[in-house]
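The next block holds one structure in the form of structure tokens; read it before the comments.
The values are calculated or read from the model by the stated rules, or taken from the named source; none is laboratory data. In this text, all values refer to a predicted model and were calculated from it rather than measured experimentally. Cβ: placed from backbone, ideal geometry, glycine included. Neighbour counts: every protein chain shown. With ligands, DNA and RNA removed, areas are computed over all heavy atoms of the protein, side chains included. Shrake-Rupley method; radii C 1.70, N 1.55, O 1.52, S 1.80 Å.
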Amino acid sequence: MKRQAPIFSLGYLPLLIRLECKETTRLPAFLGSTLHGVTGCALTRHLESYTYVFENRRLGGAAQDIVNPYIIEPPRPKPVYYKGDPLCFKLILIGDAVRYAKDIVTSMAQAERFGMRAERKAFELTDILHGDQYGRIWKQGQLNMNAAAPENMSAHVLQEHASWCSVHMVTPVRIR
């Protein structure tokens, strides 16, 4: 069967952000909101990037909601993190948000330590890797944006007509 041009194509960049726990703490089962806050707080140093990535919804005005161009993929639930435990999560930049990858990486690196929850329990940035290829983008002050090569998701039509689509949610999600 001859493959046709893609009917859908979308660039994305998965960033694997690895933190180390510096003091024993309890974290909520689903860390999406917590990690959103940690990442957003670090990115406030780059106003243009912060606005595009974290306040993208405002671009639609009151007429429509515009989805923010990222996905946070939190780790599996773990009730207690002990000193020295790793906390790894993916921040997946989608579409035009990929162009802000360098600002996000440098913001996270400049912040270096992150306070989580109301108690501001300390976590320290270990490194940032490409989330699929595991190339090192940042570690100990060394930045390698060549390792931050975007991926491409595309769909090709193998049949004349698609009749359905399925989406499986594995973590809580809010949809308005």
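If I filter region 146-165 down to residues being part of a loop (DSSP other than H, G, I, E, B) and at pLDDT 75 or above, which single residue comes out as surrounded by the most Cβ atoms within 10 Å (Cβ to Cβ)?
For region 146-165, the residue satisfying everything is 148.
Under the condition of being among the acidic types (Asp, Glu) and in contact (Cβ under 8 Å) with a residue 60 or more places away in the chain, which residue from region 99-145 is surrounded by the fewest Cβ atoms within 10 Å (Cβ to Cβ)?
Filtering region 99-145 for residues that are among the acidic types (Asp, Glu) and in contact (Cβ under 8 Å) with a residue 60 or more places away in the chain, the one surrounded by the fewest Cβ atoms within 10 Å (Cβ to Cβ) comes out as 119.
Only one of 44, 25, 34 is open to solvent by 60 Å² or more (accessible area, probe 1.4 Å) and of a type in the set (S, T, N, Q); which? Spell out how you get there, then give the answer.
Working: 25 fails: open to solvent by 60 Å² or more (accessible area, probe 1.4 Å); 34 fails: open to solvent by 60 Å² or more (accessible area, probe 1.4 Å).
It is 44.
Select from region 3-17 the residues that are in a strand (DSSP E or B) and over 12 Å from the mean Cα position of the chain (by Cα) and list them in ascending order.
First, the residues of region 3-17 that are in a strand (DSSP E or B): 8-17.
Those that are in a strand (DSSP E or B) and over 12 Å from the mean Cα position of the chain (by Cα): 8, 9, 10, 11.
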